[in-house]
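Working notes, structure below.
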Amino acid sequence: MILPIVAYGDTVLRKKGQEVNSEYPKLNELIDNMYETMYNAFGLGLAAPQIGLSIRLFIIDTSPLAEDESLTNEEINELEGFKRVFINARVIEEQGEEWAFSEGCLSIPNLREDVLRKPTIKIQYLDEKFESHIEEFNGLIARVIQHEYDHIEGILFTDKISNFKKRLIRGKLANISKGEINVDYKMRFPGVKKRK
Ligand SMILES: [Zn+2]
């Protein structure tokens, strides 16, 4: 089932997610719905707050990034096969020299900005079977994880740009909250009152 994606301005995007336990009702169904919702919107990742749930869950599938022709074969193989569920993730460390990459977000349609992040992360998480992992990721995969991880911490990529750029996009963000944008997937806008 395709779920509406919560737009910029909704308070759920600003909350720190609660831990998920293995008793969480219909978790597998929720994960399936999140994948369907993400693929329908051509996203690389989707975090539970983006569908209105303030819990520490996000999913990632980086295979669309593998179509970039400037990548090496090794990078392409890595990106193509990377589909993962992260439950109760905690970033243990981030390392290396910050690099810029143009990020977008399904909750903030039609807007992209360069964001600086460190290239290597070590993260602890549970998979969908509640098996625990500690893994290190680099480059684009780390980048997508960092973006989704921020969502479960109540952080958006627009928080990480310069004050000058923040001023430039203020109007666009206000329009997104009000639903005054063209978007071809289902969304829920905080600035649009429900009709009674
Ligand atoms: Zn996002």
Discussion item. Out of the strands (runs of 3 or more DSSP E) lying entirely within the range 1-111, which hold 3 or more residues that are in contact with a Cys (Cβ under 6 Å, 6 or more places away or on another chain) and more than 25 Å from L126 (Cα to Cα)?
Written reply: none
Discussion item. For the condition within 20 Å of R143 (Cβ to Cβ) and modelled with pLDDT of 95 or more, what is the one hit in V20, V12, V91?
Written reply: V91
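Select from the range 105-133 the residues that are without any contact (Cβ under 8 Å) to a residue 24 or more places away in the chain and either among the hydrophobic types (A, V, I, L, M, F, W, C) or within 13 Å of the ligand (Cβ to nearest atom) (or both) and list them in ascending order.
First, pick out the residues of the range 105-133 that are without any contact (Cβ under 8 Å) to a residue 24 or more places away in the chain: 112, 129, 131-133.
Passing the criteria: only R112.
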Discussion item. I'd like to check something: does the range 114-136 contain any residue that is assigned to a strand (DSSP E or B), open to solvent by 30 Å² or more (accessible area, probe 1.4 Å) and of a type in the set (V, I, T)?
Written reply: yes
Worksheet entry | Residues of the range 137-193 satisfying the condition of being in a strand (DSSP E or B) and of a type in the set (F, W, Y) | F137
Discussion item. If P64 meets every condition in (1) within 26 Å of A174 (Cβ to Cβ); (2) open to solvent by 30 Å² or more (accessible area, probe 1.4 Å); (3) in contact (Cβ under 8 Å) with a residue 12 or more places away in the chain; (4) within 15 Å of the ligand (Cβ to nearest atom) apart from one, which number is that one?
Written reply: (1)
Worksheet item: Condition test on I76, is it at pLDDT 95 or above, among the β-branched types (V, I, T) and surrounded by 16 or more Cβ atoms within 10 Å (Cβ to Cβ)?
Response: no
Practice prompt. List every residue pair whose Cβ atoms lie under 6 Å apart, where the two residues are 6 or more positions apart in sequence or sit on different chains, the first residue falls within the range 73-87 and is touching a residue at least 60 places away in the same chain (Cβ under 8 Å), and the second residue, located anywhere, is assigned to a loop (DSSP other than H, G, I, E, B).
Written response: L79/T62; I87/V20
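The values are calculated or read from the model by the stated rules, or taken from the named source; none is laboratory data. Being a predicted model, the structure only gives us computed values, none of them experimental. When we count neighbours, we look across all protein chains shown, and the Cβ atoms used for this are built from the backbone with ideal geometry, even at glycine. Ligands, DNA and RNA are stripped out before the accessible areas are found, and what is left, the full protein with its side chains, is counted by its heavy atoms. Shrake-Rupley method; radii C 1.70, N 1.55, O 1.52, S 1.80 Å.
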